[in-house]
Amino acid sequence: MFAVVALGTSLVLWAFAIVMDPYGLRAGPQHPPTTIMDINQRYMYPQLARGGQFESAVFGTSTIRLLNPEQLNALFHERFVNFGMNASTPWEQKQIFELFLRHMPNPKTLVLGLDLSWCSETADRPDQRLTFRSFPAWMYQPEEANRLGNYAHLFNFRTVEIAARVALNGAGVMPERIRGDGYEVFVPPDSRYDLEKARAYIWGGGPARLTPVEPPVVLSDKDEDRLAFPALGWLDGMLDRVPPSAKVILAFPPVHVAVQPRPGSEAAAQEKACKRRITEVARRHRALVVDFRYPSPVTTDDANYWDPLHHRLGIAQRFTRALHSACAGTQQDADDFFKVLSDPGTPCL
């Protein structure tokens with residue numbers, strides 16, 4: 001009797017999860033995505049890629065997550081979704097990028113935020129492709145590959161919990177966890193900003209200055225040729241899949257100088273070499289490359305950041321406007337906030 005009751009209860013809960021569809025497995029042009037009721041973006045965002053409601057997208061890590069699709073929509077006159085995922089690896093970003101293109105084969109604008117992980121010499125190692133966060137690879141496969149088998153992955157209590165949240169949201173009891181276009185303000189409200197506390201996070205309790213290396217390290221052509229950046233091969237393949245009609249913007253997000261390589265160091269020289277290779281990839285695909293990752297009045301001002309990687313909302317809004325300006329043909333702004341490293345030759349607006 002116990003076994004029968006346990007089995008029956010399990011099947012009822014599984015059926016409840018299938019009906020509520022907390023991961024939006026049925027999402028498509030004729031079926032809108034399910035309300036996002038969990039903060040695990042790796043599980044929540046595939047439904048937004050499959051839904052067909054968005055024609056433009058942002059990809060990257062948390063350094064790109066504060067780009068507000070509503071602001072992008074107003075500037076570019078398109079429908080944006082933000083797929084920025086916390087600490088996502090290049091391989092994970094490649095999966096969501098390719099999933100989006102399978103369901104939106106003629107996108108309008110694609111923005112890729114490129115963090116230093118794209119310049120890692122070990123990015124293609126099996127242990128570097130994922131983080132400690134669970135990644136549901138089955139959600140990123142072509143749906144026709146195992147459509148019915150995907151529902152077996154819903155047979156767990158975590159999924160039932162999220163399904164219950166979806167039901168509560170439908171009843172008006174619980175608000176959505178992440179907005180339906182992927183956007184979430186994950187930093188604290190500006191009213192709680194404490195500059196001294198931010199400086200402690202930014203500099204880790206050390207001196208708030210960066211001393212350049214003298215004399216600066218300069219890599220020879222042979223040294224540069226020996227550098228391996230395997231993720232850039234993935235980037236090249238990703239851009240190969242983009243139709244010529246789409247606009248592609250590769251952006252190095254404006255992280256604080258505290259996490260940028262020490263000026264004149266070997267790490268700085270290697271990053272410069274990586275940026276140069278990314279620029280070469282972009283030119284082959286007529287993509288725009290906009291660099292915010294260098295010492296500037298924005299990235300050297302502690303008051304612009306919560307921690308070394310995450311800027312405040314005002315900077316996120318400037319970041320968004322700067323991408324639009326660069327796309328419109330501006331090479332550099334008056335405040336030296338960005339520089340265009342590769343221009344496709346014609347304004348992309």
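I need a count of the residues in segment 105-119 that are modelled with pLDDT of 95 or more and either aliphatic (A, V, I, L, M) or under 14 Å from Leu235 (Cα atoms) (or both).
Number satisfying all stated conditions: 9.
Taking segment 76-116 on its own, how many of its residues are in contact with an Asp or Glu (Cβ under 9 Å, 6 or more places away or on another chain), open to solvent by 10 Å² or more (accessible area, probe 1.4 Å) and either part of a loop (DSSP other than H, G, I, E, B) or acidic (Asp, Glu) (or both)?
Number of matching residues: 5.
Considering only residues that are among the charged types (D, E, K, R) and in contact with a Lys or Arg (Cβ under 9 Å, 6 or more places away or on another chain), look in segment 123-165 and name the one that is modelled with the lowest pLDDT.
Once the filter is applied, the top-ranked residue is Glu143.
Within the set of pairs 6+ apart or on separate chains, which have a first residue in segment 128-142 that is of a type in the set (Lys, Arg), a second that is assigned to a loop (DSSP other than H, G, I, E, B) and surrounded by 14 or more Cβ atoms within 10 Å (Cβ to Cβ), and C-beta atoms under 7 Å apart?
Matching pairs, first to second residue: Arg129/Thr89.
Just one of the numbered conditions (1) under 29 Å from Trp203 (Cβ atoms); (2) in contact (Cβ under 8 Å) with a residue 40 or more places away in the chain; (3) touching a strand residue (DSSP E or B) at 6+ places or on another chain (Cβ under 7 Å) is not true of Cys348; which one?
All conditions pass for Cys348, except number (1).
Can you pull out every residue in segment 181-202 that is within 30 Å of Arg79 (Cβ to Cβ) and assigned to a helix (DSSP H, G or I)?
Result: Asp190, single match.
Working carefully through the options Ala251, Ala303, Ala273, find the one that is part of a helix (DSSP H, G or I), modelled with pLDDT of 95 or more, open to solvent by less than 30 Å² (accessible area, probe 1.4 Å) and aliphatic (A, V, I, L, M).
After applying the criteria, what remains is Ala273.
Please count how many residues of segment 1-58 are open to solvent by 40 Å² or more (accessible area, probe 1.4 Å) and aromatic (Phe, Trp, Tyr).
Within segment 1-58, residues that are open to solvent by 40 Å² or more (accessible area, probe 1.4 Å) and aromatic (Phe, Trp, Tyr) number 4.
Only one of Ser120, Ser134 is surrounded by fewer than 19 Cβ atoms within 10 Å (Cβ to Cβ) and closer than 19 Å to Asp291 by Cβ. Can you tell me which?
When all the criteria are applied, what remains is Ser120.
Exactly one condition in (1) open to solvent by less than 40 Å² (accessible area, probe 1.4 Å); (2) at negative phi; (3) modelled with pLDDT of 95 or more; (4) outside any helix (DSSP H, G or I) is false for Met238; which is it?
It fails just one condition, (4).
Looking at Ala6, Ala17, which one is modelled with pLDDT of 90 or more, assigned to a helix (DSSP H, G or I) and farther than 18 Å from Gly172 by Cα?
Only one candidate qualifies: Ala17.
Could you please give the count of residues in segment 117-128 that are assigned to a helix (DSSP H, G or I) and out of contact with any helix residue (DSSP H, G or I) (no Cβ under 9 Å at 6 or more places or on another chain)?
Qualifying residue count for the region: 2.
Which one is nearest to Thr35 (Cα to Cα), of the residues in segment 156-209 that are under 27 Å from the mean Cα position of the chain (by Cα), β-branched (Val, Ile, Thr) and surrounded by 14 or more Cβ atoms within 10 Å (Cβ to Cβ)?
Val166
For Ile202, are the conditions met, namely being hydrophobic (A, V, I, L, M, F, W, C) and within 18 Å of Val259 (Cβ to Cβ)?
Yes, satisfied.
The values are calculated or read from the model by the stated rules, or taken from the named source; none is laboratory data. No experiment lies behind these values; they were computed from the predicted model shown. Glycine also receives a Cβ, built like all others from the backbone with ideal geometry; neighbour counts cover every protein chain displayed. SASA here: full protein model, heavy atoms, side chains in, ligands and nucleic acids out. Shrake-Rupley method; radii C 1.70, N 1.55, O 1.52, S 1.80 Å.
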